[in-house]
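Engineer: Pasting in a structure now, in structure tokens, and then I'll have a few things to ask.
The values are calculated or read from the model by the stated rules, or taken from the named source; none is laboratory data. In this text, all values refer to a predicted model and were calculated from it rather than measured experimentally. Because the Cβ atoms are built from the backbone with ideal geometry, glycine has one as well, and the counts that use them run over all protein chains shown. Protein only, heavy atoms only, side chains kept; ligands, DNA and RNA dropped before computing areas. Shrake-Rupley method; radii C 1.70, N 1.55, O 1.52, S 1.80 Å.
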Amino acid sequence: MRNLLLLVALLGLTGCMKVSDLASGAEYHLRDAGFLDHGRTERMASRRLQQASFIYTAQGHFVPPGHGYPRPNVVAEEAFNGFVEYFPMVRRARQPEGLEQAMAEARAVGAHYLLYCRFAAADDRIGNADEWTDQQALDRLGLDSGVIQVMLIETSTQYLIDTARIRSRGGLLTFHDTSPQDLIARPLAQYARGLLGMSDQ
């Protein structure tokens with residue numbers, strides 16, 4: 001009888017929610033528990049941008065310490081991919097650039113903002129047979145992780161609009177054959193949504 005009451009209560013609760021809400025909630029909890037890739041963004045400001053803002057993305061020359069060497073300019077590329085869905089006017093640098101060069105190029109194309117990024121840390125753990133062959137170290141088994149730093153600068157005044165620190169880590173169900181650079185696309189798209197004031201759900 002008790003099990004029947006619990007089942008009826010559970011069915012009653014699920015009847016009040018849409019299937020998409022249940023799926024979104026389950027995905028959130030799986031990410032938070034470490035089963036799926038997870039990213040966390042710490043913003044220093046809560047400034048919002050107009051959707052018509054013209055944003056130029058660039059990445060610094062900095063090579064992150066730690067195990068793993070992310071592809072050069074990968075953060076600028078993934079930032080472009082994440083932002084272009086929400087901001088119609090987005091351009092990116094073709095290669096890593098210093099801040100002054102990136103600012104000059106952003107102004108030259110008429111961008112309102114420069115999104116300047118760098119891979120601050122990357123830890124590419126062993127996640128497949130090839131990586132095991134290369135490293136053969138038990139202490140290197142585990143989940144990939146990385147840290148990205150972002151500065152959003154107004155090109156006309158060079159005023160720092162926002163800074164963010166994005167931490168990402170792999171999941172137990174998704175760690176096979178990945179690297180830290182594979183974890184940054186989703187958090188950067190979430191950051192773009194945040195700049196528009198859109199919720200993450």
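Engineer: What do you get for GluC sites (Glu not before Pro) in the range 51-91 restricted to DSSP loop and a cutoff of at most 13 other Cβ within 10 Å of the site's Cβ? Kindly include the intermediate steps, with their values, before the conclusion.
Structural biologist: On the way: sites: E77, E78, E85; in loops: E85.
Those that pass, being in a loop and sparsely packed, are E85.
Engineer: Just the accessible area for S179, please: 1.4 Å probe, Å², rounded to the nearest 10?
Structural biologist: 20 Å²
Engineer: How much length is gained if the chain between H61 and N81 is pulled fully straight, taking 0.36 nm per residue apart and subtracting their Cα-Cα distance, in nm to one decimal? Could the numbers behind the result be given before it?
Structural biologist: Working: separation 20, 0.36 × 20 = 7.20 nm, distance 1.99 nm.
My answer for the length gained is 5.2 nm.
Engineer: Can you tell me the length gained on complete extension of the stretch A45 to L196, counting 0.36 nm per residue apart and subtracting the Cα distance?
Structural biologist: 53.1 nm
Engineer: Which distance in nm do the two modelled labels at R71 and A121 give, with both placed 7 Å along the Cα-to-Cβ direction?
Structural biologist: Each label point lies 7 Å from its Cα, and together they span 2.5 nm.
Engineer: Give, in nm to one decimal, the length gained when the segment between L99 and T163 is fully stretched (0.36 nm per residue of separation minus the Cα-Cα distance). Walk me through the numbers before you get to the answer.
Structural biologist: On the way: separation 64, 0.36 × 64 = 23.04 nm, distance 1.44 nm.
That works out to 21.6 nm of additional length.
Engineer: Heavy-atom accessible area of D123 with all protein chains present, probe 1.4 Å, nearest 10 Å²?
Structural biologist: Near enough 30 Å² of accessible area.
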